[in-house]
Every structure is written in structure tokens, then in C-alpha cells.
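These notes are about the structure you will find just below.
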Amino acid sequence: MNFTDLARRRYSVRKYSDKPIEREKLNRILAAGMLAPTAKNQQPQKIYVVQSKENIDKLAQLTHCGYGSPTVLIFAYDLNEDWKNPLENGVRSGIEDVSIVATHIMLAAAEEGIATCWCNYFSNTRLEKAFNLPANIKTVLIMPIGYAAEEVKAAPTHLISKDMEDVIKFL
Ligand SMILES: Cc1cc2nc3c(=O)[nH]c(=O)nc-3n(C[C@H](O)[C@H](O)[C@H](O)COP(=O)(O)O)c2cc1C
């Protein structure tokens, strides 16, 4: 499958089967995240794989965005490890770095026929507290990852995009 076909085929899945993703498949997908570029190659990302019933339940208390998946990834970065732009006060790379890693993982999953959904609708502070993450770890998104429930289809809006002219300006 070429890249455009893969990008077209991926869509957000909001209902998952109980069948857990196989460990080998998950490892392959996570390894694709390790190929992602990060600012100055500092690799500040941290990925927490949530699978125990206790922790899946804990996550469900905080957000509906696990969508019933037996595996949910929490993507974060280490404030001590991301690149800080010396030319612009307060500009740092953590969120960008994590987003590229998560995108690699989302597309690698799609290539394996594995569903995902990028989610940021949760309280980062409450999530970090609930999982006892150190103060230097900042969460960015969570991502259920696994087999889509049988009846799931892409949302009707999946391939609807703005006109290219509204988005892309040649300067
Ligand atoms: C930064 C970001 C945040 C998102 N947050 C959520 C979310 O909290 N909950 C959710 O169900 N979907 C979330 N989504 C999924 C988008 O709604 C979805 O990607 C978009 O509607 C396009 O649909 P598609 O992924 O099926 O093509 C998020 C996507 C992105 C990129």
C-alpha cells in the first residue's frame, strides 16, 4: 500500500472489540514510533501502555476516550529532555515531538489493520496525578489501539477536507 492509500484508509475508531492486540504486533507498531524525528534527536517522548484492568478502569474514570479498548497508550514528554528554542522564549519541542511519534504509531497501526483514535479530551493534570507521573512528565494525548468492533465504520466526515486553496498559500 502506498502512503496516500494508507492515509486514506486510516480513520478514528470509537468502539473496540474485547480482543486484545497481539504483543508482537504492538511491539512492531511501537517500534515505528522510534523512527520518528524529534528536535535535535533528543527523543523526549514517553509512552505508557495501559493494559491492566485496574488501570483501564482508572482511565475510564477520567475520560470516555479509551472507547472500550483493552489497550490504551498515553503519550507524554519529559520537560527535562525536550528541545528549548533559544531564539524564542517559551517555545519548546515536546508537543511537536510527541505528535510526530504518535502519528507514526497511528499510521503503522493502520498498516497492520489495527484501529486507533487520537484523543486529547481529558484533564492532563488529573491523568498525570492518577497515574503518579513525575512532575517533569507532561501528557499530550491518549490513544486506544486495538481491533475495531465489528460494526464500526468511518465517520461520514472522514474524508471531507477544506479546499486546498483555503489551506495552502504559496508565498
Ligand atoms: C489533536 C487531535 C485531538 C483529537 N481529540 C479527540 C478526542 O478527544 N476524542 C475523539 O473522539 N476524537 C478526537 N480526535 C479525532 C478527530 O476527531 C478525528 O481525527 C477527525 O474528526 C477526523 O476523522 P478521522 O480521524 O476519522 O479521519 C482528535 C484528533 C486530533 C488530531
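Return the total of residues in region 1-57 being free of Cβ contacts under 8 Å to residues at least 60 places away in the same chain and hydroxyl-bearing (Ser, Thr, Tyr).
2
With the structure loaded, tell me whether Glu96 is under 25 Å from Ala155 (Cβ atoms) and touching a helix residue (DSSP H, G or I) at 6+ places or on another chain (Cβ under 9 Å) or whether it fails that test. Step through it out loud before you land on a result.
Values: under 25 Å from Ala155 (Cβ atoms): no; touching a helix residue (DSSP H, G or I) at 6+ places or on another chain (Cβ under 9 Å): yes.
Taking the combined requirement at face value, the residue does not satisfy it.
When you look at Phe122, is it modelled with pLDDT of 95 or more, farther than 16 Å from Arg9 by Cβ, aromatic (Phe, Trp, Tyr) and more than 9 Å from the ligand (Cβ to nearest atom), yes or no? Write out each step before concluding.
Values: modelled with pLDDT of 95 or more: yes; farther than 16 Å from Arg9 by Cβ: yes; aromatic (Phe, Trp, Tyr): yes; more than 9 Å from the ligand (Cβ to nearest atom): no.
The answer is no for Phe122.
For Thr63, are the conditions met, namely being over 17 Å from Leu30 (Cα atoms), among the polar types (S, T, N, Q) and within 12 Å of the ligand (Cβ to nearest atom)? Outline the logic, then answer.
Values: over 17 Å from Leu30 (Cα atoms): yes; among the polar types (S, T, N, Q): yes; within 12 Å of the ligand (Cβ to nearest atom): yes.
For Thr63, the condition - over 17 Å from Leu30 (Cα atoms), among the polar types (S, T, N, Q) and within 12 Å of the ligand (Cβ to nearest atom) - is met.
Yes or no: Ala102 near the ligand (Cβ under 10 Å from one of its atoms), under 19 Å from the mean Cα position of the chain (by Cα), of a type in the set (Gly, Ala, Ser) and under 24 Å from Leu30 (Cα atoms)?
Numbers: near the ligand (Cβ under 10 Å from one of its atoms): yes; under 19 Å from the mean Cα position of the chain (by Cα): yes; of a type in the set (Gly, Ala, Ser): yes; under 24 Å from Leu30 (Cα atoms): yes.
Yes, satisfied.
The values are calculated or read from the model by the stated rules, or taken from the named source; none is laboratory data. The shown structure was predicted, so the numbers you read here are calculated from the model rather than taken from an experiment. Cβ: placed from backbone, ideal geometry, glycine included. Neighbour counts: every protein chain shown.
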